[in-house]
Amino acid sequence: MKHLNKIVFFILVYSCLSLSIGNASDLTCHWPSSRVLGSIVPIESGKSSHASGVVVSNNLVLTAAHVLEDYYETVVAVNNQMYLASVLLVDKEADIALLSVRTENLYPIPLSKYELYERQEVWAVGYPRAQSLHTSSGNFVAKKAEAIHTSAGIDSGASGGGLLSCEHGEFVLAGMLRGYGAYRTDQGLVRLDDYSISVAASDIKFTLDLSYNEH
């Protein structure tokens, strides 16, 4: 990919004002089902932060810490209903937050048990720019500084959404969408349409397990 030496990391919060190593690939995963896609939900925090989240357990939604503008006015849309969420965990360094909110009958997406391998297919799912759900496919590129880099394109507002992969014919959460890349030109920054950055499932599990053990 061109311009990789000029990649600029972008946090994906859209403002209204502006794990073991292994190979579990299964070619039967062609595209995420409506059941899986329905577990990626839109989030609003405060008056201007619009982002995405992932149902990871009954009444628990994972999202990015940086999207939480107002801990006391964070709402999640579930089956076209808005529910006020309680913030259970915020780890700004890992950019991970966990919300307690009614998830009704939404399917909890399990965390991946494996590291992604070279050019493994992935799917990035979120709500860009506070609009409708968007899914893009791509491939694993690299893991740098504990972050997953892929060619599945995303845009502002997808932060907190799901990076999906396939294990044994089932979709799992390989990571949580966190940012995109851009390169500099004489006219300014240009967003890359085929580059995204995610928090790895292994880091999500570590953070959640650590929080659980502390409490």
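The values are calculated or read from the model by the stated rules, or taken from the named source; none is laboratory data. Owing to the predicted nature of the structure, the values given are computational and were not obtained by experimental measurement. FYI the Cβ positions are ideal-geometry reconstructions off the backbone, even for glycines, and counts take in every protein chain you see.
In table form, for the structure just shown:
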{"item": "Which numbered condition L116 misses (of (1) within 17 Å of S52 (Cβ to Cβ); (2) at pLDDT 95 or above; (3) of a type in the set (A, V, I, L, M, F, W, C))", "result": "(1)"}
{"item": "Any hit, the range 183-192, residues being surrounded by fewer than 24 Cβ atoms within 10 Å (Cβ to Cβ), out of contact with any strand residue (DSSP E or B) (no Cβ under 7 Å at 6 or more places or on another chain) and closer than 27 Å to H30 by Cβ", "result": "no"}
{"item": "Residue count, the range 122-135 (criterion: in contact with a strand residue (DSSP E or B) (Cβ under 7 Å, 6 or more places away or on another chain), of a type in the set (G, A, S) and surrounded by fewer than 19 Cβ atoms within 10 Å (Cβ to Cβ))", "result": "1"}
